[in-house]
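Trainee: Below: one structure in structure tokens.
Just so you know, all these numbers are worked out from the coordinates, no wet-lab data involved. All of these numbers come straight from a predicted model, not from anything done at the bench. Glycine also receives a Cβ, built like all others from the backbone with ideal geometry; neighbour counts cover every protein chain displayed.
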Amino acid sequence: MSNSNQIADVAKLESQALQQLSDAVRALVVDSQPLDVRLEVMSAKSGEAEALYAQAAAEREKGGTPNDAALGINLLASALAKELQSKHSDADAMFKRAYTLLKKDGELQENVTSIIELLCNAGRVMSLDAKFDLSEKFDQRAIEVAEALLDDTHPYRAQAHYDLAVTMDVQGKSEADKLYEKSLAIQENSLGMSANLAKLAQAYLQFENVEAAKRLYARALGLRETAVGADSEDLIPLLLTCGDLEAQVFENHILERRYFERALRISEKANGLESDTTSGIIVKLGMSCMMCRDFVAAVKLFESVLPYREKLLGGNAPQFIAEIRCMAMSCLISGQLEKARELFERILVLNENSQPPNEEGLAEAALHLGATYSQLHRYEEAADLLTKVVPRAEKAIGPDHPLLANMKLLLADCIQASSK
């Protein structure tokens, strides 16, 4: 066989081996399979890759003494194959030999970055699967390879430190701080890191690791604030996301309210009160105040924004009606009964006039308006209203609907009170 043919054969073997390694890491992502099955597939494919690299090395030996670079790349990839099979002590020795042969050869960096990328990818998947011991091993190895073989300012050095920082961060480990700092020192891009962390946080949410998502969103917010300043509009989306997460996942409405209050201060300063962004934040903050049982504050917020929201959404829009309802409920609970009466009367008419009429919304508005009349000692008006609405509700929403039972109880109470 000619030397050129042999070189081509070796290159083909190593290309096949690298593809096997890529397939091995990709096998981890197939989440329809249990993790132990995915790990077995990864190990098997890595073993096949290791055999191909060994065959390539043997072919190269036949053609004469291989150069250090070729042998080093083969060793580096073979070491990765062992790492993916959890043969960590064997991998240690092989990685060290590879470092000695390769040093920091600029021409070989593309080969080196392929290995680092595979390690980082494996680490990320293991972290999402909450296999943090394996994730840390892969991430630490990626840093080791990057520091041994890449220039000090190479972006893959930053990436390797960043990936380990995330793995530490989602576990609540303080080592994450210094790793993020190292990554940023290599490649100064706080905004880029913030965006990446926000995307990762969403991934952790999909894997139902809500604590990890919360930490990453908070980290993303801090980095973005460092990059753009504490009063920048760029902070608003992350502030709202953090607030929603606190409310929907952790039911921590006090923290939710703080995030929304901060978003509101920024938006009011940047956009004024009458803007889509500011008005939307005010509504979210009003609802948060309701959940904190600060109904007086909620009323003030809704009162400040509902005229603009009516112009923005339209007076008959379901979203606008829902927002009026929030204000009306806040008025009722906080004892602002005349305001509550006016708002529930309006909601009743809006549900009546919607096309087609919103029967459930109408029944609910009638119930709350009747309760408001009752608290104002206007029992006859409450009884007249409910007498008209109850038969309609029975037909429209069904006799077993809980609203109907409450309406009937209130009607009976109001009839009794009005007869005294």
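Trainee: Kirkwood Rh over alpha-carbon pairs of segment 160-280, then Stokes-Einstein at 10 °C and 1.306 mPa s: what D in µm² s⁻¹, rounded to an integer?
Mentor: Translational D for this selection: 107 µm²/s.
Trainee: A further question on this structure: Using every alpha carbon pair in segment 199-254, what percent of pairs falls into each 10 Å bin from 0 up to the bin containing the largest distance?
Mentor: 25, 52, 22, 1
Trainee: So which of Lys12/Lys87; Lys178/Lys199; Lys173/Lys269; Lys311/Lys388 end up more than 30 Å apart, counting from Cα to Cα?
Mentor: Working: Lys12/Lys87 26 Å; Lys178/Lys199 21 Å; Lys173/Lys269 37 Å; Lys311/Lys388 32 Å.
Result: Lys173/Lys269; Lys311/Lys388 exceed 30 Å.
Trainee: Here's a follow-up. Would you work out the relative contact order for the chain, in percent, from Cα pairs under 8 angstrom that are 6 or more residues apart? Could you put the intermediate results ahead of the total?
Mentor: Working: 524 pairs, mean separation 26.4, N = 420.
Reported as a whole number, the value is 6 percent.
Trainee: Sort 122-128, 401-407 by packing, meaning the average of other beta carbons within 10 Å per residue, with the highest value first.
Mentor: Values: 122-128: 24.1, 401-407: 15.6.
Order by mean packing, descending: 122-128, 401-407.
Trainee: If eta is 1.567 mPa s and T is 4 °C, what Stokes-Einstein diffusion coefficient results for the chain, Kirkwood Rh from Cα pairs, in µm²/s? Walk me through the numbers before you get to the answer.
Mentor: Values: Rh = 26.3 Å.
The diffusion coefficient I find is 49 µm²/s.
Trainee: Same structure again: Are there GluC sites (Glu not before Pro) in segment 240-315 that DSSP puts in a loop and that have at most 15 other Cβ atoms within 10 Å, and which ones? Before the final figure, lay out the partial values.
Mentor: Working: sites: Glu246, Glu251, Glu256, Glu261, Glu268, Glu274, Glu303, Glu310; in loops: Glu251, Glu274.
Passing both the DSSP loop test and the Cβ count: Glu251, Glu274.
Trainee: Can you pull the semi-axes for segment 278-395, root of five times each eigenvalue of the Cα gyration tensor, sorted largest first, whole Å? Don't skip to the answer; put the middle values down first.
Mentor: On the way: eigenvalues 118, 65, 21 Å².
Rounded to whole Å, the semi-axes are 24, 18, 10.
Trainee: Just order 30-40, 154-164 by mean Cβ neighbour count inside 10 Å, highest at the front, would you? Don't skip to the end; give the middle numbers.
Mentor: Details: 30-40: 12.6, 154-164: 23.6.
Highest-to-lowest ranking by the protection proxy: 154-164, 30-40.
Trainee: Let me ask something else. Based on the Cα gyration tensor of segment 74-197, what are the three equivalent ellipsoid semi-axes, each the root of five times an eigenvalue, rounded to whole Å and given largest first?
Mentor: Values: eigenvalues 106, 67, 22 Å².
For segment 74-197, the semi-axes come out at 23, 18, 11 Å.
Trainee: With runs of 4+ DSSP H residues as the only contributors, calculate the mean residue ellipticity of the chain at 222 nm using -39,500 (n - 2.57) per run, divided by the residue total and rounded to the nearest 500. If you can, show how the numbers build up before the last one.
Mentor: Numbers: 19 runs with 339 residues, N = 420.
Mean residue ellipticity at 222 nm (helix-derived): -27500 deg cm²/dmol.
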